[in-house]
1. Restricting everything to alpha-carbon atoms, can you work out Rg to Rh for the range 568-623 with a Kirkwood hydrodynamic radius?
2. From the square roots a ≥ b ≥ c of the eigenvalues of the alpha-carbon gyration tensor of the range 385-565, which class results: rounded (a/c under 1.5), prolate (a/b over b/c), or oblate?
3. I need the fraction of alpha carbon pairs in the range 103-243 separated by more than 19 Å, rounded to a whole percent.
4. Assuming 0.36 nm per residue, please report the length gained on full extension of the stretch residue 558 to residue 62 beyond their Cα-Cα distance.
5. Dividing the convex hull volume of the Cα atoms of the range 370-472 by its residue count, what figure in Å³ per residue is obtained?
6. How big is the Rg/Rh ratio for the range 5-89, C-alpha atoms only, Rh by Kirkwood, two decimals?
7. Kindly put 442, 297 in sequence by how many other C-beta atoms sit within 10 Å of each C-beta, fewest to most.
8. Among bridges DSSP assigns within the range 5-89, what percent are antiparallel (round to 5)?
């Protein structure tokens, strides 16, 4: 399809509901508008349904020729990225930003054991510059108003003072913040655990949520055991605040002193998409998208070839090149060549953790978005179905495919699951779960036979699929064939066919020196054939089969977890102090679930369970509500 207004309208239909930025371009490729959204799909659809009153929107059909989308992790990152893009492109329909004065910081001093009150009881401050004063600085963050709201939230649950330094030194009686329980009044009283609260805020802003969560949970239980329920409830509220903590921003995670290129990678069989994000002086400068078709080579080799070709010319070489996965070859030679060309060291590596790993995740998300758009335009799903048809020798294209899997842990609570794909994409209306009824122990073959038999009994209401895949090897396939025979259904390659998916096997180490482990190819077992069909890596047919099997695994595990959770609801209640079997049963009958019980108030719980209000409050604390 040629680019233009209708092309963009069709492109928007296939976007995901994710945060990010979008760049509207005219026929000359000039960016005339940059926007951001928490939900890209919903925001962009509004332009096509008369839901935007801005003047330029009425001319979109005449001037909009192409649309570029950049995905990030949250709306804060979208805001920061939007500002960088507006500064770079200066689109005519955007308000221009003049400088970076709106990037602000949070400052937290460390309490001193002796000295003036302002030093012993520090507060959390909003500042615009850092100083060498021994304080901790967090940020920068966009939007002073939103950040002040966050500071109020922190002060509410962690109870640091909010009054200025000159006030705390001269106040003689507590203010209203003390009266409403939001400040311990260090201006008047001695507060023993104030330093602990400052440390908790430090952990909170540093993103060390797990450590502070464990610390607060321990404190909550200690207070609960000594029947200090109101204090325990306050700690519980602190734990809730952790869940809505400040998120990382892109500007915090890049190095403002060094230029970096972040590489994202996505693939669907032989279809490969690579995104190159250019970070210059800490700002998202630009991004390039590269699409490749019919690339059967391994992902790391494809990435290595890309790096060689893009950076071998020696133009615009950054200080660092961050890769989404380790490449097949040693890049030390390329690093030496780039150093010779640009006169400084160039580091090329794949980060495994930390802030740079999170940047790789953003780049990968953008690569996946671009790949999905390419697949839609290239009919890649249809190509995958045709490739699988040829591999199995079917007489028809397998438009509808179902896959059956069994999930059990240590031979207990077995579940069967069935997932359905139509035209290469999941059809969740056809998903089913089966609680195993006729099999005891760990007889996987018998479980497969039962689940397949129960599925075939519904063929009058739910037509048979073109292809049914069984997760397992030859034994599982034979069990499924027996169920088909029991149902008096004929298998043929023109209407209904079966195949078993055998996982790749781990082979011996390929090299003693490198310790790399090689794997066999994926295999498909088919009826009346002793040897399986080999599914070569990075082919459409293998991608499709692996995707269907992985979805069956995910759905089976989810069904198993739901079953276990349902059976353990009452046992969770029975562990609560003062709740026996009768009270637990009464609560479950009345509220229906633990989730609804957590949302109830203590008066209603006390009435239903016939317990005191104090015990009802203790139960809510126990359940973590």
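The numbers here are math on the coordinates, done by the rules we state, and not lab data. What you see is a predicted model, and the numbers here were worked out from it, not measured in a lab. Quick reminder, even Gly has a Cβ in these numbers, built from the backbone with ideal geometry, and neighbours come from all protein chains shown.
1. On the way: Rg = 9.5 Å, Rh = 10.7 Å.
Across the range 568-623, the Cα-based Rg/Rh ratio is 0.89.
2. It is oblate, given that a/c is not under 1.5 and a/b is not larger than b/c.
3. Numbers: 5302 of 9870 pairs.
For the range 103-243, the share of Cα pairs beyond 19 Å comes to 54 percent.
4. Numbers: separation 496, 0.36 × 496 = 178.56 nm, distance 4.83 nm.
Result for the pair: 173.7 nm of gain on full extension.
5. Numbers: hull volume 13.6 nm³, N = 103.
Expressed per residue, the convex hull around the Cα atoms of the range 370-472 is 132 Å³.
6. On the way: Rg = 12.1 Å, Rh = 13.0 Å.
That ratio is 0.94, to two decimals.
7. Details: 442 13, 297 16.
Ordered from fewest to most neighbouring Cβ atoms within 10 Å, 442, 297 come out as 442, 297.
8. Working: 12 of 12 bridges.
Expressed as a percentage, antiparallel bridges in the range 5-89 total about 100.
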